[in-house]
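S.K.: Once you've had a glance at the structure underneath, I'll fire off some questions.
All of the numbers you see were taken from the coordinates with simple rules; none came from a lab. Quick caveat: nothing in here was measured; it's all calculated off a predicted structure. Please note: Cβ atoms are built from the backbone with ideal geometry, for glycine as well, and neighbour counts cover all protein chains shown.
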Amino acid sequence: MLKGIDHRLNAEVLGALRAMGHGDMLILVDTNFPADAVARHTVAGKPLSMENLTAAEAAEAILSVLPLDDFVADFAGRMEVVGDAAARPEVQQEVQKVVDAAEGRARDLPGIERFAFYDLAKQAYAVVATGERRFYGCFMFRKGVIAPDT
């Protein structure tokens, strides 16, 4: 365990978060997402695991160290519910609260159509598989920057 680092972050996930650059994407997915098949296309080349956590718990740990991109509208995103793009399942509402808390302001998570989400995930730096069993617990986070001290 390290001081100041959320204990839910394991070495593989921390390594990926540290290695990512500005604009790189991290995909956080539920247990139903084809994480292994999609992750083979990413920079990491394999899925990373936070399998004992819900999507909100994993997002909270990740966003404790990962800045979100302030320069783009797609700073993050959520997989849309098939047939009801406006729907916000409970899991997405929970992660929205985590994002708002990490950002210190409300920034609505844009929806991403299911198959567009799969295609986007293949372009990511890494896929992190959680233990989330609720449907539509899939999210994208785009890494931002940390400004220099003035």
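S.K.: Can you tell me how many residues within segment 78-110 are more than 19 Å from Arg133 (Cα to Cα) and buried (at least 18 other Cβ atoms within 10 Å of the Cβ)?
M.R.: Final tally of qualifying residues: 3.
S.K.: Return the total of residues in segment 59-87 being assigned to a loop (DSSP other than H, G, I, E, B) and either closer than 22 Å to Val145 by Cβ or in contact with a Pro (Cβ under 8 Å, 6 or more places away or on another chain) (or both).
M.R.: 11
S.K.: Right, here's the next one. Would you please list the contacts, defined by Cβ atoms under 9 Å and residues six or more apart or on different chains, that run from a residue in segment 1-25 that is over 18 Å from Lys122 (Cβ atoms) to a residue that is aromatic (Phe, Trp, Tyr) and loosely packed, with under 14 Cβ neighbours inside 10 Å?
M.R.: Within 9 Å, the pairs are His22/Phe71.
S.K.: Could you tell me whether any residue of segment 93-101 is of a type in the set (Asp, Glu) and touching a residue at least 40 places away in the same chain (Cβ under 8 Å)?
M.R.: Among the residues of segment 93-101, at least one is of a type in the set (Asp, Glu) and touching a residue at least 40 places away in the same chain (Cβ under 8 Å), which makes the answer yes.
S.K.: Does Tyr118 satisfy being surrounded by 15 or more Cβ atoms within 10 Å (Cβ to Cβ) and within 28 Å of Lys3 (Cβ to Cβ)?
M.R.: no
S.K.: Of everything in segment 103-150, what is more than 23 Å from Leu14 (Cβ to Cβ), of a type in the set (Val, Ile, Thr) and over 14 Å from the mean Cα position of the chain (by Cα)? Give them in sequence order.
M.R.: Selection gives Thr150 alone.
S.K.: Looking only at segment 12-58, which residues are under 25 Å from Ala147 (Cα atoms), among the hydrophobic types (A, V, I, L, M, F, W, C) and part of a helix (DSSP H, G or I)?
M.R.: Answer for segment 12-58, where residues must be under 25 Å from Ala147 (Cα atoms), among the hydrophobic types (A, V, I, L, M, F, W, C) and part of a helix (DSSP H, G or I): Val13, Leu14, Ala16, Leu17, Ala19, Ala58.
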